[in-house]
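To start, the structure itself, in structure tokens.
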Amino acid sequence: MPRLLEILREQGVSEWWPDYDMVRLRADTFEAADATSLAVDLEGPLIGLIMYTQEAEPHYRSASIDIALDVGCTGQGLGTDALRTLSRHLLGSLGHHRLTVDPACANGRAIRAYRKVGFSPVGVMREYELGADGTWHDNLLMDMLAGELR
């Protein structure tokens, strides 16, 4: 948990994951009843977090993903690999037919990684998320169907 908190407080991560302390981190990840949190490691050291929530209702069976990665590990395809691996698990092993993500519209790095895996824009959710700067920010809703995974 301390290493993960360090990652969430890094410049380049904290603007997308604002205002985290140990209590909020624990509540939003490992104690959250509706979320499953997984470590992203690179041959040992923790380099990030990837998590998902599931809609279990059979008529709406789907899952949502979120990821935070150490800024020193970006640009190497590691986030894309983690997203692809989790997507494969959610679509294959867990039987979801659709996945969603909702990065901030200003988070071009995340949007590019999601596109590489097969996510496509659905639309902009206006003033969706309160940012670290205290203002509301637009987020891009993206989804991917099982047959679109790359």
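Where a number appears in this text, it was derived from the coordinates with a stated rule and is not lab data. Keep in mind that this is a model prediction, so the values were computed, not measured. Note that we place each Cβ from the backbone using ideal geometry, even for glycine, and neighbour counts take in every protein chain shown.
Computed values, structure above
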{"quantity": "Loop-located GluC sites (Glu not before Pro) in the stretch 22-67 whose Cβ has at most 13 other Cβ within 10 Å (DSSP)", "calculated": "Glu31, Glu43"}
{"quantity": "Neighbourhood charge, 9 Å Cβ-Cβ cut-off, centred on Trp136 and excluding it, Lys, Arg +1 and Asp, Glu -1", "calculated": "-2"}
{"quantity": "Spacing of the two label points (7 Å from each Cα toward its C-beta) at Ala33 and Glu127, in nm", "calculated": "3.1 nm"}
{"quantity": "Ranked Val23, Val124, Val13, criterion: other C-beta atoms within 10 Å, fewest first", "calculated": "Val23, Val124, Val13"}
{"quantity": "Residues whose placed amide H lies under 5 Å from that of Tyr128, excluding near-sequence neighbours", "calculated": "His137, Asp138, Asn139"}
{"quantity": "Distance (nanometres) between label positions extended 7 Å along Cα→Cβ at Ser93 and Ala146", "calculated": "1.7 nm"}
{"quantity": "Theoretical gain in end-to-end length, Asp81 to Arg26 [0.36 nm per residue, Cα-Cα removed]", "calculated": "17.3 nm"}
{"quantity": "Gain on full stretching of the segment that runs from Ser120 to Asp19 - 0.36 nm per residue minus C-alpha separation", "calculated": "33.5 nm"}
{"quantity": "Using θ = phi - 60° and Karplus 6.51 cos²θ - 1.76 cosθ + 1.60, couplings along the stretch 17-33 (whole Hz; Gly, Pro as x)", "calculated": "10, x, 6, 8, 10, 4, 5, 5, 4, 4, 5, 7, 10, 6, 9, 6, 5"}
{"quantity": "For Ser62, residues with placed amide H under 5 Å, excluding near neighbours", "calculated": "Glu55"}
{"quantity": "Whether the stretch 95-140 is rounded, prolate or oblate, judged on the alpha carbon gyration tensor where a/c under 1.5 counts as rounded", "calculated": "prolate"}
{"quantity": "Gain upon complete extension [Asn107, Leu46; 0.36 nm per residue less C-alpha separation]", "calculated": "19.7 nm"}
{"quantity": "Built amide H within the under 5 Å cut-off of Gly48, gap 5+", "calculated": "Val40, Asp70"}
{"quantity": "Matching label, Cα extents along the principal axes in Å computed from the structure shown, candidates (i) 38, 37, 32; (ii) 57, 29, 22; (iii) 69, 45, 26", "calculated": "(i)"}
{"quantity": "Protection proxy ranking, peptides 129-137, 112-120, average beta carbon neighbours within 10 Å, highest first", "calculated": "112-120, 129-137"}
